[in-house]
Amino acid sequence: MCGIVGYLGFQDPKKIIVDGLKKLEYRGYDSAGIAVMNDGKIKTVRAEGKIKFLEDKLGQEHFNGHLGIGHTRWATHGAPSERNAHPHRVGDISLVHNGIIENYLEIKKGLLARGAIIKSDTDSELVAHLVNEEILRTNNLFEAVQKTLSKLVGAFSIVVIWEKSPDELVAFKDGPPLIVGLGEKENFIVSDVQAALQYTKNFVYLEDREIVHIKNKEVRYFSADGKPIEKKVNHLDWTTELTEKMGFKHYMLKEIYEQPRAVAAAIGPHLNPETHEVEIKNLGFKKTSKEVFSGIDQILFVACGTSYYAAMVGKYLIEQNARIPVEVDIASEFRYRKPIIKKNTLVITISQSGETADTLAAIRLAKEHGAITLSITNVQKSSIDREADGHLYMSSGVEVGVASTKAFTSTLALLNVLALEIAKARSVLSKEDEIEGVKNLLAVPSQLEAVLSFDKYFSEAAQKLKDFKGFLYLGRGVNYPIALEGALKLKELAYLHAEGYAAGEMKHGPLALIDSRMAIVVVAPTDDLIEKTVSNLQEAKARGGKIISIGTGENEALKSMSEYYLSLPSASWMTNPLIATVPLQLMAYHLADNLGLDVDQPRNLAKSVTVE
Ligand code: M6R
């Protein structure tokens, strides 16, 4: 959370930084600000709210220097306000910060005792004070920053500039990502490569407790104790078009519509369309994937939010195909409950961003316990990806909308592949089941296209939903996590109260909620459990609940009891979760859009949750 851009080069820093911040706005949008050199002085402009308010404030303002920093904030310490917006200035120091300083109380106490005047409620300003104290002693920006680093506890990435040195910038990280973009006669420091992608394709990823020192055109890297280190330059061939809206009203809508392509890209490298064989190549383990998958005794998924629901689907897919026990844990719980990780456990983390702080901590913990780790991420070279032994990529392309959509369905597709691969490695997958599984998966992109073509019905259904006081999303089996995901989408986009339940749990409590103002959205494909689901719905309908159902083809029984019936193409039990997700995404999208809400950047959220 929070996005950082630092720039030193020959172009207009204001433009580069503001454009970069717009690309990072998904990381937080509580306030934004820039500090840029102008006539030998650092000029700071900050505004509460989204970057457009900062732009309004900046107007035609011109800066003639070549150095600057910028920040878009997701508030942790201190309310969203201009006073708490970054950059923070103390003395001649200006600083931007992403993360949390855990020992801020102790630091604050010390600063106040030394007579510091603290202007904001943030932990970030305290760091600026510490750097300022050091620079008054050392008169050297690099030394001042390096000395400050040793005084901080927490998770942070920080970029600092100094008015007395207009061609110098120092940054360090311990937690949230910080990436150096290397251009021609210009250099960038960003929280995400997207912010500098239009200027360079060459990036250096800082590891924790590493410092980068950029002076004029020279870029040098150091460990926290000040020793020079060598860093690898990574060349990315991403294009900037990936981050445009391409005519869609919102990024989220574009990303929903990209799902057929995204899913095809996720499964393509692992399936043979001629022989219908599954083979995941280049997982990156030291051993072959057959050795890894046949040698494990259990699998443990760890993830957060939507990625956690994908992991829940993974449990159904892998247990039923590969007959190996699978557990699923929320990363923020896992890391603090002293988990028992038995020998021969494969820990699989799922994270679109690859930066979620809790998931990152979980994979590190798993490694400490000697587990083999596999990460499923969308962002290659992200922190979680770099931490893992083995790697699978969602290959969805950049996901800008804060609500995850295409990354979720791409992950479900990959989990289908993984379930088949693990079953095959453990010699429990028949040739027929492999062929059928691969054929079913290859059919998904066109099924998704078909479902998307029904969007007008999902939009109509969304109209029906808007007057209800609450929502229960129901599903059974592998579709139960899809109900949870549907409820999450409605909550985060439309700010309506929705809960996901396993349909069989209704009579154990939630039935008491049912009346005519309660909508029940049910994922009920024609599968082994359909009759049980219909019985559960009868119980809800008898108590006045209004049912919106998502079924297979023309299911008359379901249709007759539903206020609104949405028909999906027939799919296998393993791939149905992918196609059933689309109506839930689109209903939440249309409902939120009709309510005039900010679909791409829902209130209080950020896409990349780099603090715990
Ligand atoms: O980047 P990650 O997949 O690790 O993110 C996990 C969650 O923060 C994320 O899925 C969140 O729940 C989304 N807002 C859901 O749409």
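Residues of the range 400-414 being more than 9 Å from the ligand (Cβ to nearest atom) and under 8 Å from N378 (Cβ atoms), which ones?
Result: S410, single match.
Within the range 364-412, track down each residue that is part of a helix (DSSP H, G or I), touching a helix residue (DSSP H, G or I) at 6+ places or on another chain (Cβ under 6 Å) and of a type in the set (D, E).
Just the residues of the range 364-412 that are part of a helix (DSSP H, G or I), to begin with: 364-368, 383-387, 406-412.
Imposing the further condition that a residue be touching a helix residue (DSSP H, G or I) at 6+ places or on another chain (Cβ under 6 Å) reduces the set to 383-384, 387, 406, 408-412.
E387, the sole residue that qualifies.
Just to be sure I understand the filter: pairs with C-beta atoms under 9 Å, separated by 6 or more residues or on different chains, first member in the range 562-589 and in the same structural domain as K464 (by TED's automatic domain parsing) and over 16 Å from Y257 (Cα atoms), second member open to solvent by less than 10 Å² (accessible area, probe 1.4 Å) and among the acidic types (D, E). Which pairs pass?
P577/E485
If you check S353 against the conditions, is it within 11 Å of the ligand (Cβ to nearest atom) and either under 30 Å from L429 (Cβ atoms) or assigned to a strand (DSSP E or B) (or both)? Break it down stepwise before answering.
Numbers: within 11 Å of the ligand (Cβ to nearest atom): yes; either under 30 Å from L429 (Cβ atoms) or assigned to a strand (DSSP E or B) (or both): no.
For S353, the condition - within 11 Å of the ligand (Cβ to nearest atom) and either under 30 Å from L429 (Cβ atoms) or assigned to a strand (DSSP E or B) (or both) - is not met.
Right, A450: more than 28 Å from the chain's Cα centre (by Cα), surrounded by fewer than 18 Cβ atoms within 10 Å (Cβ to Cβ), part of a helix (DSSP H, G or I) and of a type in the set (G, A, S) or not?
In short, no.
Of all residues being outside any helix (DSSP H, G or I) and touching a residue at least 60 places away in the same chain (Cβ under 8 Å) in the range 459-474, which is most open to solvent (accessible area, probe 1.4 Å)? Just the residue, please.
Only one residue fits best here, namely K466.
Report every pair of residues separated by at least 6 positions or lying on different chains whose Cβ atoms are under 7 Å apart, first residue within the range 329-345 and at negative phi, second open to solvent by 100 Å² or more (accessible area, probe 1.4 Å).
Once the first residue is at negative phi and sits in the range 329-345, its partners that are open to solvent by 100 Å² or more (accessible area, probe 1.4 Å) give S332/E612.
Taking only pairs six or more apart or across chains, which ones have beta-carbon atoms under 7 Å, a first residue in the range 387-409 that is assigned by TED's automatic domain parsing to the domain that holds A483, and a second residue that is within 11 Å of the ligand (Cβ to nearest atom) and open to solvent by less than 10 Å² (accessible area, probe 1.4 Å)?
The qualifying pairs do not exist here.
Cβ-Cβ under 7 Å, sequence separation 6+ or interchain: first residue in the range 32-60 and under 11 Å from T72 (Cβ atoms), partner part of a strand (DSSP E or B) and open to solvent by 10 Å² or more (accessible area, probe 1.4 Å). Which pairs?
Listed pairs, sorted by first residue: G33/T44; G33/V45; G33/R46; I34/V45; L54/V45.
With the requirement that a residue be over 20 Å from the mean Cα position of the chain (by Cα), part of a loop (DSSP other than H, G, I, E, B) and among the aliphatic types (A, V, I, L, M), what does the range 571-612 give you?
A571, M574, L595, L597
Residues that are open to solvent by less than 40 Å² (accessible area, probe 1.4 Å), at least 3 per element: which strands (runs of 3 or more DSSP E) completely within the range 50-111 meet that?
67-73, 93-101
D19 is checked against (1) part of a helix (DSSP H, G or I); (2) touching a His at 6+ places or on another chain (Cβ under 6 Å) and fails just one. What number does that condition carry?
The single condition D19 does not satisfy is (2).
Take the range 310-350 and flag every residue that is within 14 Å of the ligand (Cβ to nearest atom), under 16 Å from L418 (Cα atoms) and crowded, with 23+ Cβ neighbours inside 10 Å.
Hits for the range 310-350 are A310, A311, V313, G314, I348, T349, I350.
Looking at E333, E319, can you tell me which residue is within 24 Å of T575 (Cα to Cα) and either part of a loop (DSSP other than H, G, I, E, B) or not basic (K, R) (or both)?
Within the list E333, E319, the selection yields E319.
Select the strands (runs of 3 or more DSSP E) contained entirely in the range 173-237, then report the ones holding at least 3 residues which are surrounded by 15 or more Cβ atoms within 10 Å (Cβ to Cβ) and more than 22 Å from the chain's Cα centre (by Cα).
210-215, 218-223
Of the residues A419, A366, only one is under 30 Å from G99 (Cα atoms), within 25 Å of the chain's Cα centre (by Cα) and in contact (Cβ under 8 Å) with a residue 40 or more places away in the chain; which?
One residue alone meets the criteria, A366.
The values are calculated or read from the model by the stated rules, or taken from the named source; none is laboratory data. Values in this document were obtained by computation on a predicted structure and should not be read as measured data. Neighbour counts are summed over all protein chains in view; Cβ atoms, including those assigned to glycine, are modelled from backbone coordinates with ideal geometry. Just the protein is used for accessible areas: all its heavy atoms, side chains included, with ligands, DNA and RNA removed. Shrake-Rupley method; radii C 1.70, N 1.55, O 1.52, S 1.80 Å.
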